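What follows is a single structure, written as structure tokens, with notes after it.
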Amino acid sequence: MSDTKETMFFIAKPKKIKRSWLIAILFAAWVVLARIFQGKATLVLAVPEDTSVTTWAGNVADSIRGNRSDGASFKYFFNPVREFINGFVTGIREIIAIPTGNSSIPMLGWLGVIAVIGFVVYAVSHLRMAITAVILVFTCGALGLWTDSMDTLAMTLAAVIMSLLIGIPVGIWAGLSDRALKAVTPILDLAQILPTLVYLAPLALFFLIGPASATIATMVYSIPIAVRLTAFGIREVSVSPVEAGTSMGTTKIQLLRKIQLPMASRTIILGINQTVMAALSFVVIAALIGAPGLGKPVIDALIIRDVGGGFVAGIAVVLIAIMLDRSTSAAISIDESFVPAPASARRRRKLGLVSAGVATIICIVLSRQFAWAAYFPEQVNISKPVANVTESSIAWITENFEFLTTGLAKVITVGILNPLEGVLSNSPWFLTVAMISLLSLILGGLRSAFITLTLLLAIVASGLWFDTMITFTQTIVATMLTMSIGVVVGVWIGRSNRAERALRPILDAGQTLPAFVYLIPMLGFFGPSRFTGIATGIVYSIPIVVKIVGQGIREVPTNMIEAAISTGSTKWQLITKVQLPAAKKSLLLATNQGLIFVLAVVVIGGLVGAGGLGYLVLVGGSKPELQGKGLIAGFSILLLGLMIDRIAQYTVARNSAPKH
Amino acid sequence: MIRNKKAAAKASVLATAAALLLSACGGAGVDADAAPAGDTACGSYVIAMHAWVGYTASAQVITEVAKANGCDISQVPLAEAGVTYDAMESGSVDLVVEDWGGGRWQEWADRGALVEVGDNGNIGLIGMYVPQWMADEYPDITDSANLNKYADLFVNDESKGKGAWYEGPPGYTTIGEKMVSANKLNFTVLPQGSEAALIDVFTKAAENKTAAIGYWWTPQNFLAKVPMARVNFPTNDWTDAGLASGLTDYPELPLIKLATPKALDANDPFTKIVKNFKWTNDDQNAVAADIESGTDPAVAAQKWIDANAETVAGWLK
């Protein structure tokens, strides 16, 4: 006890130098000890071997399976939920994607769908956006994937609508009440970090294969994003307008409606966009449990290693993502303009809406009467050239930049990964546990250390310690690389509208292009290796980091920036001394989400040779005798994510505490 | 006030849009083609589609034959094993045409969810392979006893100073860790999560003449494109991977068809096809090769069916 107190005494002094010295000493001791005890007590467990915990998990899964057909829970809960969701999805699909009744086409033929999309987007935003949306949707058809695209659009709309109906109210609640936030945070972590493949099979067990299970799997992942960003937006509203409102006697509801929600609207919209992106990133996984949409062509292409064909389907996903993302953003920016439009402009718009409405009705009627307007014209097909161009450019990059890609992989692998693995996974488990806990103590204090120690011991108890440390190493490296690239790019797009416009399609692509599409090119660049897994994580997690950081930089009050400029700050000073510190909360959220997104694709890493927990999740998913191990591997990913996140939070809380 | 008006305008616009959608719900102009009138003696069935091309070949041939005999067949892309067996138990899927699992479905079979219909004629053989150039240059490398002699050739950044042993994808029977430890091989087992990863390894090894040893299997059309040599371990003495000592090689594995009791009891053309379907590794490779070179699976399957009318007729007896 006295020891701890002494350490605490040391740390409690707000001298940063002391702490960094402590950390340096700790690392030095860690490296030396790890070297001495290398390869001892590492708790390596061969893939086919179980531990008592994994065996137990497997038995639990079996018993659920055996008992599932009887029981009121199916009759009164799972089946009705399935029916409802299937009905909802089918309803939307019947409008745009699948034949209805005795017709061979959906309610709307392709021309009708495009007209309605154009009209709705025009109605909620402006003409330019409507034209863009129409072109994007038309291109999906031109890629030869009209029906699959419409299925994906329908599934996405269904999942997003239901996610927002749940996510935004919960987010508002968590934004207003600290207790609510505390209560939901662990559930959000659980839902966002637990790999989908872990709960995919159980979901299919309860809700059967098909759209319902796929939609629920998507919602499990996308609701937390809606909740988090909504809550974050409401909490970010500065205190003064709220206080002003309260002092004028506004009710809580009025406060929410007139002040907090409008002021948080940009962040909430970011939340809606991210919910859409999350839903679209599920396209392929959804196909693994028999859901319709663009996942099937992606898998078909992967089966025959048709890289170009895979990209064609992947591009269609990205186009839908861009269409939905831009339309929602444009709708909001219209709402934000407080300057009333002149009467002439309003008249013009009314006229425009009426004529667009008439044109839309004509298109709908045409699309229901004539084959040319019902079935997307096969003559318009650019899929071959697009496939060829992507394929040849990937081949060109692989051939000409191999020295670069393999060089980069080698530098990271030999320079960072291998040494880090030597310290974390290839040394005795108790050394690693002790050292991480001590680090947590120095950084975040006693409570942080206690939580860290508990989580680490839970991982040891699970029996998957070694694999967890392999994944931990890769997660650290991937998150560090993501943050260092993401913050730079985020600051850039936060300061320049042009940069934002230019980069946004690339960011959207990074988030929604299914990893299965670039799996083979990635392997071509880096070979099956841990680095390939890391690269996949970076591609997926950078967009959200960039978007959140950019948003944070944008929201720094103008008066702060003006003040800094008037006192003669340089651009560099402005960024490092004003904008970044002012956007600190956004940076924190970005780190949290960056980490969670990296962990979300750990399983994809398992596909390309990264090993660790991701691979075990895959094994558990396809070998029934090891299903328990897969489940526990999924939970270990969760424990790992919680541990890193909590250390980060305590560290920040401590550093931002008022100085003595 | 202005904002309110705007909101009202927007609401009315949305209402118009909704009305447009509703107006579209009237009578349909483009009518369905009449369903092909054929034998109504066959029911509707769902075939699970797993993600490898040999599977696609077998499933597509069954699909085409069944359709020609009046069955209504749909295909569902589906993850292997557990998810698929559960789907069979709940009645969403009727047939798996090629299962490598060696009895991993037993628990479901015991509950009556599915029935092992017997083998489909394809013989699966798993093994450890090296690129052909290595076998040419080091002829004795194909004997597992000599592997340690060459272990240094296989070292890379991933393999921790030992030879890199590229292990098979997660769903496949793999005993690499046991083989390495039982035979005291100086190799590190690197788990590969996908067929794509292994293909990358072998393709590069052949192109750049680099060393590689990895898990591969037949029937697989890839061997026709990138020649590889099998490393032979002592003759196999196990059937249950869980009980394998690791000293010996992988066994030959007849690949199994699994079907639901519903499909087997219907006694319609589909039942006959499911029970009698059987073809050789060469047959499967031929169809798979066509599919891989970009032919539509249905066309590739039909081509094989036309060329093998007698075999197909035999399935329908």
> What tally of residues in the range B:249-267 results from selecting those that are in contact (Cβ under 8 Å) with a residue 40 or more places away in the chain and part of a helix (DSSP H, G or I)?
Replying inline: 4
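From the list B:Trp108, B:Trp133, B:Trp165, which residue is of a type in the set (Phe, Trp, Tyr) and under 27 Å from B:Gly43 (Cβ atoms)? Outline the logic, then answer.
Values: B:Trp133 fails: under 27 Å from B:Gly43 (Cβ atoms); B:Trp165 fails: under 27 Å from B:Gly43 (Cβ atoms).
The match here is B:Trp108.
Please determine, by comparing only the residues of the range B:115-167 that are within 14 Å of chain A (Cβ to nearest Cβ) and among the basic types (Lys, Arg), which one is surrounded by the most Cβ atoms within 10 Å (Cβ to Cβ). Full working, then the answer.
Quick first cut of the range B:115-167, residues within 14 Å of chain A (Cβ to nearest Cβ) only: B:154-162, B:164-167.
Of the ones still in play, those that are also among the basic types (Lys, Arg) are B:160, B:162.
Details: B:Lys160: 15, B:Lys162: 17.
Applying the filter and picking the extreme gives B:Lys162.
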> Would you pick out the residues in the range A:166-184 that are surrounded by 18 or more Cβ atoms within 10 Å (Cβ to Cβ) and under 17 Å from A:Val237 (Cα atoms)?
Replying inline: A:Ile168, A:Gly171, A:Ile172, A:Trp173, A:Ala174, A:Gly175, A:Leu181
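Within the range A:321-344, does at least one residue satisfy the condition of being more than 31 Å from the chain's Cα centre (by Cα), under 23 Å from A:Ile96 (Cα atoms), free of Cβ contacts under 8 Å to residues at least 12 places away in the same chain and not in a helix (DSSP H, G or I)? Even if it seems obvious, please write down each step before you answer.
As a first pass, look at the range A:321-344 and keep what is more than 31 Å from the chain's Cα centre (by Cα): A:338-344.
Filter once more, keeping what is under 23 Å from A:Ile96 (Cα atoms): none.
No; the residues of the range A:321-344 include none that is more than 31 Å from the chain's Cα centre (by Cα), under 23 Å from A:Ile96 (Cα atoms), free of Cβ contacts under 8 Å to residues at least 12 places away in the same chain and not in a helix (DSSP H, G or I).
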> What's the number of the condition A:Arg347 fails, among (1) touching a residue at least 12 places away in the same chain (Cβ under 8 Å); (2) away from every other protein chain (no Cβ under 11 Å); (3) of a type in the set (Lys, Arg)?
Replying inline: (1)
>> Filter the range A:409-423 down to the residues that are more than 10 Å from every other protein chain (Cβ to nearest Cβ) and free of Cβ contacts under 8 Å to residues at least 60 places away in the same chain and list them by number.
In response: A:Val411, A:Gly415, A:Pro419, A:Leu420
>> Looking at A:Val60, A:Val53, A:Val81, A:Val116 in this structure, which one is over 30 Å from B:Asp110 (Cβ atoms) and of a type in the set (Val, Ile, Thr)?
In response: A:Val116
>> Please go through the range A:91-136 and give me each residue that is part of a loop (DSSP other than H, G, I, E, B) and either of a type in the set (Phe, Trp, Tyr) or closer than 22 Å to A:Asp148 by Cα (or both), ordered by number.
In response: A:Ala97, A:Ile98, A:Pro99, A:Thr100, A:Gly101, A:Asn102, A:Ser104, A:Ile105, A:Pro106, A:Met107, A:Leu108, A:Gly109
> When only residues in the range A:286-302 that are buried (at least 24 other Cβ atoms within 10 Å of the Cβ) and among the β-branched types (Val, Ile, Thr) count, which is nearest to the other protein chains (Cβ to nearest Cβ)?
Replying inline: A:Ile289
>> Anything in the range B:92-113 that is within 17 Å of B:Lys275 (Cα to Cα) and either within 16 Å of the chain's Cα centre (by Cα) or facing another protein chain (nearest Cβ under 8 Å) (or both)? List them, or say none.
In response: B:Val93, B:Leu95, B:Val96, B:Val97, B:Glu98, B:Asp99
>> Of everything in the range A:229-245, what is farther than 23 Å from A:Gln593 by Cα and loosely packed, with under 14 Cβ neighbours inside 10 Å? Give them in sequence order.
In response: A:Val239, A:Ser240, A:Glu243, A:Ala244
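Give A:Ala316, A:Ala279, A:Ala345, A:Ala359 a once-over and let me know the one that is farther than 23 Å from A:Gly112 by Cβ, at pLDDT 90 or above and among the aliphatic types (A, V, I, L, M).
Working: A:Ala316 fails: farther than 23 Å from A:Gly112 by Cβ; A:Ala345 fails: at pLDDT 90 or above; A:Ala359 fails: farther than 23 Å from A:Gly112 by Cβ.
A:Ala279 is the lone residue from the list that is farther than 23 Å from A:Gly112 by Cβ, at pLDDT 90 or above and among the aliphatic types (A, V, I, L, M).
Can you confirm whether A:Gly611 is crowded, with 17+ Cβ neighbours inside 10 Å, within 14 Å of chain B (Cβ to nearest Cβ), touching a residue at least 40 places away in the same chain (Cβ under 8 Å) and in contact with a strand residue (DSSP E or B) (Cβ under 6 Å, 6 or more places away or on another chain)?
Numbers: crowded, with 17+ Cβ neighbours inside 10 Å: yes; within 14 Å of chain B (Cβ to nearest Cβ): yes; touching a residue at least 40 places away in the same chain (Cβ under 8 Å): yes; in contact with a strand residue (DSSP E or B) (Cβ under 6 Å, 6 or more places away or on another chain): yes.
Yes: the conditions hold for A:Gly611.
Give me the residue from the range B:278-287 that is assigned to a helix (DSSP H, G or I) and out of contact with any Ser or Thr (no Cβ under 7 Å at 6 or more places or on another chain) and, out of that set, surrounded by the fewest Cβ atoms within 10 Å (Cβ to Cβ).
Restricting attention to the range B:278-287, the residues satisfying the condition of being assigned to a helix (DSSP H, G or I) are B:281-287.
Still in the list and also out of contact with any Ser or Thr (no Cβ under 7 Å at 6 or more places or on another chain): B:282-283, B:285-287.
Working: B:Asp282: 9, B:Asp283: 20, B:Asn285: 22, B:Ala286: 18, B:Val287: 26.
This residue is B:Asp282.
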> Somewhere in the range A:606-618, is a residue of a type in the set (A, V, I, L, M) and under 30 Å from A:Gln551 (Cα atoms)?
Replying inline: no
>> Could you go through the range A:511-523 and let me know if any residue there is farther than 30 Å from A:Ile303 by Cβ and not aromatic (Phe, Trp, Tyr).
In response: no
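Give the residue, chosen from A:Thr215, A:Thr152, A:Thr156, that is under 30 Å from A:Ala72 (Cα atoms), within 24 Å of the chain's Cα centre (by Cα) and among the hydroxyl-bearing types (Ser, Thr, Tyr).
Working: A:Thr152 fails: under 30 Å from A:Ala72 (Cα atoms); A:Thr156 fails: under 30 Å from A:Ala72 (Cα atoms).
The match here is A:Thr215.
Quick check on this structure: which one of A:Gly112, A:Gly144 is within 21 Å of A:Gly314 (Cβ to Cβ), touching a residue at least 60 places away in the same chain (Cβ under 8 Å) and within 13 Å of chain B (Cβ to nearest Cβ)? Write out each step before concluding.
Details: A:Gly112 fails: within 21 Å of A:Gly314 (Cβ to Cβ).
That would be A:Gly144, the only listed residue that is within 21 Å of A:Gly314 (Cβ to Cβ), touching a residue at least 60 places away in the same chain (Cβ under 8 Å) and within 13 Å of chain B (Cβ to nearest Cβ).
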> Counting residues that are closer than 26 Å to A:Gly295 by Cβ, which helices (runs of 4 or more DSSP H) fully inside the range A:137-253 reach at least 2?
Replying inline: A:146-176, A:178-193, A:196-207, A:211-236
> Which one of these is under 18 Å from the mean Cα position of the chain (by Cα), surrounded by fewer than 20 Cβ atoms within 10 Å (Cβ to Cβ) and within 19 Å of A:Val317 (Cβ to Cβ): A:Ile135, A:Ile187, A:Ile161?
Replying inline: A:Ile161
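Could you please find all residues in the range B:59-91 being more than 7 Å from every other protein chain (Cβ to nearest Cβ) and either closer than 17 Å to A:Leu208 by Cα or of a type in the set (Lys, Arg) (or both)? Don't jump to the end; show me each part of the working.
Pass one, the range B:59-91, residues more than 7 Å from every other protein chain (Cβ to nearest Cβ): B:59-75, B:84-85, B:88-89, B:91.
Scanning the range B:59-91 gives B:Lys67, B:Ser74, B:Gln75, B:Thr84, B:Tyr85, B:Met88, B:Glu89, B:Gly91.
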> So how many residues does the range B:200-236 have that are in a helix (DSSP H, G or I), surrounded by fewer than 21 Cβ atoms within 10 Å (Cβ to Cβ) and either among the aliphatic types (A, V, I, L, M) or away from chain A (no Cβ under 14 Å) (or both)?
Replying inline: 3
>> If I filter the range A:39-62 down to residues being within 11 Å of chain B (Cβ to nearest Cβ) and more than 14 Å from A:Leu464 (Cβ to Cβ), which single residue comes out as surrounded by the most Cβ atoms within 10 Å (Cβ to Cβ)?
In response: A:Ala61
> When the range B:248-277 is examined, which residues are found to be of a type in the set (A, V, I, L, M, F, W, C) and surrounded by fewer than 16 Cβ atoms within 10 Å (Cβ to Cβ)?
Replying inline: none
> Can you name every residue in the range B:168-184 that is in a loop (DSSP other than H, G, I, E, B) and either at the interface with another protein chain (Cβ under 9 Å from one of its Cβ atoms) or in contact (Cβ under 8 Å) with a residue 40 or more places away in the chain (or both)?
Replying inline: B:Gly168, B:Pro169, B:Pro170, B:Gly171, B:Tyr172, B:Thr173, B:Thr174, B:Ile175, B:Asn183
>> Condition (residue is within 14 Å of another protein chain (Cβ to nearest Cβ), more than 30 Å from A:Ala313 (Cβ to Cβ) and surrounded by 15 or more Cβ atoms within 10 Å (Cβ to Cβ)) applied to the range A:363-380: is it met by at least one residue?
In response: yes
>> As an exercise: evaluate A:Gly552 against (1) in a helix (DSSP H, G or I); (2) free of Cβ contacts under 8 Å to residues at least 12 places away in the same chain and give the number of the one condition it does not meet.
In response: (2)
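The values are calculated or read from the model by the stated rules, or taken from the named source; none is laboratory data. From a predicted model like this one, the values you see are computed outputs, not experimental measurements. Every residue, glycine as well, gets a Cβ built from its backbone with ideal geometry; the counts of neighbours run over all protein chains shown.
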